[in-house]
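Have a look at the structure below, then the notes.
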Amino acid sequence: MADKVILHRCSWTFLHVDLDACWRVQKALDEQGIEYEVVKHGFGKGKRPEVVALSGQKLLPVLELPDGTAYRAESKDMAAKVRAGELGGA
């Protein structure tokens, strides 16, 4: 079990624009001052076995919460939940 949130995101998040789903969630975490660790996963929508094992699906981003649970939704919904302080387990 981790002591902080782990953001599983794509390895190519570098433009920092809101069109990037992974950046959208990372930015929300930054804005809320939530400590997190970044784990980068391969380019594109490949198999991503680690992400599938964690969340049951291969899409990113995924938040791994301190209680060991995974949270995955559309990035706009994820960012809104982070900003609303509704991130369970964190």
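Projecting the Cα positions of Leu7, Pro49, Thr69 onto the charge dipole of the stretch 5-83 (unit charges on Cβ atoms of Lys, Arg, Asp and Glu, taken about the Cα centre) puts Pro49 furthest along the positive direction.
Just so you know, the Cα atoms of the stretch 27-82 work out to an Rg and Dmax of 11.5, 32 Å.
Bear in mind that the values in this text are calculations on the coordinates, not laboratory data. The shown structure was predicted, so the numbers you read here are calculated from the model rather than taken from an experiment. We place every Cβ from the backbone using ideal geometry, glycine too, and count neighbours over all the protein chains shown.
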